[in-house]
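A.B. asks: This is the structure, below, for whatever I ask next.
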Amino acid sequence: MKLSLKLITYLSLIIFSVISIAYVSILDSKVVNKLDGVLWTVPAKVYARPLELAEGGKINVDVLKKELEILSYELTKGIPDTPGEFSQSQRSVNIFIRGFGSQEPGLYRLKIENDKIDSIKRKDGISIDLIQLEPLSIGGMFPSHLQDRILLNFSQVPKDLEEMILVVEDRNFYSHKGISLRSIMRAFIKNTRALGIEEGGSTITQQLAKSLFFSPEQTIKRKIKEAIAALLIEIHYSKQEILLAYINDVFIAQSGRRAIHGFGLASQFFFGTDLKNLSLDQKALLVGMLKGPSLYSPINNPDRAKTRRDLVLSLIKNDSLITEEEYLDLKGRSLKVIPPSFKSLSKYPAFNDIVTLDLRKNFDDSDLRTKGLKIITNLDPVVQDYLEESIKDTKLQLKRRYGSQLNGLEGAGIVIDSFSGEVVAAIGSTKPNNYGFNRAINAVRPIGSLVKPFIYLSALQHYSKYNLSTLLDDSKLSVSLPGGKLWEPNNFDKKFHGNIPLHVALSESYNVATTRLGMDLGYSVVQETFTKLGIKKKIPKYPSIFVGSFEMTPLEAIQAYQTIASEGFYSPLNSIRTVESSEDVLSLSYPYKVEQRFRPEPIYLLKFVLKQTFISGTARGFSSRVIEKWKTGGKTGTSDDQRDSWFVGYAGNYLMVVWLGFDDNRKSPLTGRTGALQVWKNFMSRLDPIAYEVRKPSRIRYEWVDTKDGLLSGERCKGSILIPFVEGTEPEMIPQNRKKCRISEESYTAKVLNKIKEAIEVK
Amino acid sequence: MKKNFNTYLVALILMSLFLGCTSSPKKETNFYDLEVEKFSSSVKLLLTDLEFLKKEILKVNANKPSVQRILIEADDKWMEEDLKKASSALERGLRIAKDESALYLRLAHLRLEQGLIKESSAFAERGLLNKNASSWELLLLKIYSAQK
């Protein structure tokens, strides 16, 4: 009996030991795996472009203020004295920059006159030629656990933060072996005296073990497991490695479904800047939050968070890390955290989709979710906000006018920098922040008259045959289709206009004249132009293609117009600027790609007519001052039965496409002019872009011609217009009755004088 | 010796242009009108000596101090043969100002070094549309645009 009891005891001990050893071994391998691998799977972070402010550069003050507002800068009176503040006086803007990358935080004074930055000066009066605002964080590519962090290496951790953490969380960190009986005892005594929990007994290593492997439940069993894991961590890793892992891994806040881990990301999340730029009071706030991220959240519980921050400050004062004076100064500061920059995983779903499409060309999904890539996109948050506001406002206005007919109206819009092809903003719905069907990239719709400039560009490349005053036939047309059917195109005004000059046919968007032109040119010539414009689809060989039955997505349409807006230079659309690894090493850059697809002359002629669209054509209604300032041009498009309302137009360096319509393809009361153009107008009026002057191609000459017959005319002749021609292609004939009004006395005298001058010089 | 030859060659082209322009009193000097193709053999010679051309390009400064600072950064990277970073810096310059010929010229040469002849020519053609370009800058841009 005795023997058997002894045996049972031995056996139990053996079994317990085996189980214990097995458990510890499993835990040990988990510790190593987690700390060596999984912990460092960092999701890619996506940023908008950083705004650069350059001496001599162009900037609209309202746009700058909007950017600062989006970045949560606070408008103050007087000179700003804290990062994240700005003020405005008559001709200057003072910004206390938070700092980002190589941009030091500090106060800068910008003198802005006539939309131009005259000077940038530092607080000490020294002139600076270039400063950069931090880019807006716009989303991330998250792994399934939705933990987000920015990994820091030890050199990126400020020494005072390290000291602060140790004072508050684990004074004996460098002397214990993972668990500290002294700390447990001290916490017990302190908490008993205070009749509450004022200090925890867990070491930093225990806290790390807890956050890596265990749930937050407080049980003896879990405490024992935590202690074993802490001991194992201490066996495998140095103190410095453990502290760094803690700083990178500790949970600090929750933002929607996204969990904010580590001090690197917490600094960006609460203060919009790198950890190295934080002041002591800001660091104290973050350290204070470790005790209870939700309880001491400066967003949800600011009073409690401040009390806790002040306690941290008093602890470091007691340890002589700061003086009494510094303590009083820091304690007096307000919290000044920024509101979360995005609540969901991505604030701009349509733009994010375009970024994802571009990223997938070079990265696989696991790279994006684990390698901590820093993706700087071309998103301009101000332009994006204006775009969103424009479509929402315009939809409201249209609904007031058309009522329930517009219930369920959808839309899409994309804005690019026409010079570079950089996509700067996109929306895929009239509710831009909603996820779902992204019409900007997925809605394939008939483009209506948006196709016409492509046909006219095909013609204008043949200087000898077509110029802007070439007469086109806009009389009734019947085309026999295969199968014996007749197709008879009509104009929007249901009238035929006989012979009209080419520029009128395009600016008035006449269907019949355009169909004839397309058929005269032939499908292969038109196809060639489509290809040069970056349109990858083959055009079907039926004549309705020339007046808009061709289908495109808004993204494809804006690519085609990019080459036109950009003087004939094709640049593929691109939403990403650079992709960097977490170590700030450039992994991939997306360089400008430029290819000259058209000579400048035909593009110049086409752009002249696209400008006419704004002066007298389907986009009329803008002041001549605005048309000149923006150097604008564009084209409306309306598909059959007004199922699609389109507008593409450029102003300054911006090119924008807008589509409005219904997902079920029903008829709408909107044309390109009454629908999409209104969104464009609303948007551009907010942005008020600044244009660069472009040199006129040397072979372009202007001539007065008649708007009806296209023959030579004069400034004083009725119904005349001054239009450009490629040198040598100007009309030669001038009707008898216009000879008088073409040559004024003044210009005749000037001509005679010139002749005499020429004769003298030749001699 | 080669450098001297090239300097003479550029001077010769300029002189020919100047003489050409003076013989036609009706027209103002406008280097944009210049048909570089007429001097194709001389231009080709210049294009064979990229080092000489590069030295000429590096002498072209920007008008805006902010762009000049970027040019210095780009030139440093270029000297270190880090073409990717040099290109990134120049593109950053273009985002700030699209009317600086110094940027187009450097990008045209850099793309040539990267073996992207079409792009080199396209940057030069774009630069030719810059209204603020000086006659000398236009002439240099014409040389690169003539590669097509």
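A.B. asks: Give just the number: which of (1) part of a loop (DSSP other than H, G, I, E, B); (2) within 30 Å of A:Glu567 (Cα to Cα); (3) in contact with a helix residue (DSSP H, G or I) (Cβ under 7 Å, 6 or more places away or on another chain) does A:Lys465 not satisfy?
C.D. replies: All conditions pass for A:Lys465, except number (3).
A.B. asks: Then there's this: Kindly indicate which of A:Val648, A:Val658, A:Val579 is within 14 Å of another protein chain (Cβ to nearest Cβ) and either crowded, with 22+ Cβ neighbours inside 10 Å or of a type in the set (Lys, Arg) (or both).
C.D. replies: Residue meeting the stated conditions: A:Val579.
A.B. asks: How many residues does the range A:699-734 contain that are of a type in the set (Lys, Arg) and part of a strand (DSSP E or B)?
C.D. replies: Total satisfying the criteria: 1.
Matching residues to (1) more than 11 Å from chain A (Cβ to nearest Cβ); (2) within 11 Å of the chain's Cα centre (by Cα); (3) without any contact (Cβ under 8 Å) to a residue 40 or more places away in the chain:
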position: B:Lys59; (1), (2), (3): yes, yes, yes
position: B:Phe123; (1), (2), (3): no, yes, yes
position: B:Leu129; (1), (2), (3): no, no, yes
position: B:Ile143; (1), (2), (3): yes, yes, no
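A.B. asks: Looking only at strands (runs of 3 or more DSSP E) that lie completely in the range A:373-432, which have at least 2 residues being farther than 30 Å from A:Val694 by Cα and modelled with pLDDT of 95 or more?
C.D. replies: Passing ranges, in order: A:410-417.
A.B. asks: If I ask for residues that are out of contact with any Asp or Glu (no Cβ under 6 Å at 6 or more places or on another chain), surrounded by 17 or more Cβ atoms within 10 Å (Cβ to Cβ) and under 22 Å from A:Ala350 (Cα atoms), which ones from the range A:393-414 would you list?
C.D. replies: A:Thr394, A:Lys395, A:Leu409, A:Gly411, A:Ala412, A:Gly413, A:Ile414
A.B. asks: Could you say which residue among A:Lys593, A:Lys607, A:Lys611 is in a helix (DSSP H, G or I) and within 14 Å of chain B (Cβ to nearest Cβ)?
C.D. replies: Unique residue meeting the criteria: A:Lys607.
A.B. asks: Within the range A:710-730, how many residues turn out to be buried (at least 19 other Cβ atoms within 10 Å of the Cβ), within 20 Å of A:Val609 (Cα to Cα) and not β-branched (Val, Ile, Thr)?
C.D. replies: Adding up the residues that qualify gives 7.
A.B. asks: Of everything in the range A:525-557 that's at pLDDT below 95 and polar (S, T, N, Q), which residue is nearest to A:Ala443 (Cα to Cα)?
C.D. replies: A:Ser549
A.B. asks: Please go through the range A:407-440 and give me each residue that is among the hydrophobic types (A, V, I, L, M, F, W, C) and either under 13 Å from the mean Cα position of the chain (by Cα) or within 14 Å of another protein chain (Cβ to nearest Cβ) (or both), ordered by number.
C.D. replies: Result: A:Ile414, A:Val415, A:Ile416, A:Phe419, A:Val423, A:Val424, A:Ala425, A:Ala426, A:Ile427.
A.B. asks: Looking at (1) surrounded by fewer than 16 Cβ atoms within 10 Å (Cβ to Cβ); (2) within 27 Å of A:Leu53 (Cβ to Cβ); (3) in contact (Cβ under 8 Å) with a residue 12 or more places away in the chain, which one does B:Glu73 not meet, given that it meets all the others?
C.D. replies: (1)
A.B. asks: State all residues of the range A:682-711 that are under 20 Å from A:Arg625 (Cα atoms), in contact (Cβ under 8 Å) with a residue 40 or more places away in the chain and more than 14 Å from chain B (Cβ to nearest Cβ); if no residue qualifies, say none.
C.D. replies: Within the range A:682-711, A:Asn682, A:Phe683, A:Met684, A:Arg686, A:Leu687, A:Asp688 qualify.
A.B. asks: Could you pull out the residue among A:Leu387, A:Leu359 that is of a type in the set (A, V, I, L, M), under 19 Å from the mean Cα position of the chain (by Cα) and within 23 Å of A:Ser581 (Cβ to Cβ)?
C.D. replies: One residue alone meets the criteria, A:Leu359.
A.B. asks: When you go through A:Asn114, A:Asn172 one by one, which is the residue that is under 18 Å from A:Val63 (Cα atoms), free of Cβ contacts under 8 Å to residues at least 40 places away in the same chain, open to solvent by 10 Å² or more (accessible area, probe 1.4 Å) and not hydrophobic (A, V, I, L, M, F, W, C)?
C.D. replies: A:Asn114
A.B. asks: If you don't mind, another one. Hey, does the range B:94-103 have a residue that's small (Gly, Ala, Ser), facing another protein chain (nearest Cβ under 8 Å), under 15 Å from the mean Cα position of the chain (by Cα) and within 25 Å of A:Ile564 (Cα to Cα)?
C.D. replies: Scanning the range B:94-103 turns up no residue that is small (Gly, Ala, Ser), facing another protein chain (nearest Cβ under 8 Å), under 15 Å from the mean Cα position of the chain (by Cα) and within 25 Å of A:Ile564 (Cα to Cα).
A.B. asks: Further, regarding this structure: Would you kindly identify the strands (runs of 3 or more DSSP E) lying entirely within the range A:90-149 that contain at least 1 residues that are more than 24 Å from the chain's Cα centre (by Cα)?
C.D. replies: A:92-97, A:106-113, A:116-122
A.B. asks: Is it the case, given these coordinates, that A:Ile131 is touching a Leu at 6+ places or on another chain (Cβ under 8 Å) and open to solvent by less than 40 Å² (accessible area, probe 1.4 Å)?
C.D. replies: The answer is yes for A:Ile131.
A.B. asks: Could you please let me know if A:Leu68 is more than 30 Å from A:Ala245 (Cβ to Cβ), away from chain B (no Cβ under 14 Å), at pLDDT 90 or above and open to solvent by 10 Å² or more (accessible area, probe 1.4 Å)?
C.D. replies: no
A.B. asks: Quick one: would you say A:Lys740 is open to solvent by 40 Å² or more (accessible area, probe 1.4 Å), of a type in the set (Lys, Arg) and at pLDDT 90 or above?
C.D. replies: no
A.B. asks: Checking A:Glu601 against (1) under 24 Å from A:Arg439 (Cβ atoms); (2) open to solvent by less than 10 Å² (accessible area, probe 1.4 Å); (3) of a type outside the set (A, V, I, L, M), which test does it fail?
C.D. replies: A:Glu601 satisfies every listed condition except (1).
A.B. asks: What are the residues in the range B:100-136 that are closer than 16 Å to B:Lys59 by Cβ and open to solvent by 30 Å² or more (accessible area, probe 1.4 Å), if any?
C.D. replies: Matches in the range B:100-136: B:Ser134, B:Ser135, B:Trp136.
A.B. asks: Now a separate question. Step by step: first the residues of the range A:240-288, then only those that are under 26 Å from A:Arg369 (Cβ atoms), out of contact with any His (no Cβ under 8 Å at 6 or more places or on another chain) and part of a loop (DSSP other than H, G, I, E, B), then the one that is most open to solvent (accessible area, probe 1.4 Å). Which residue is that?
C.D. replies: Applying the filter and picking the extreme gives A:Arg257.
The values are calculated or read from the model by the stated rules, or taken from the named source; none is laboratory data. It should be emphasised that the depicted structure is a prediction, and the values quoted were computed from it without experimental measurement. We place every Cβ from the backbone using ideal geometry, glycine too, and count neighbours over all the protein chains shown. Please note that ligands, DNA and RNA were not included when accessible areas were found on the heavy atoms of the full protein model with its side chains. Shrake-Rupley method; radii C 1.70, N 1.55, O 1.52, S 1.80 Å.
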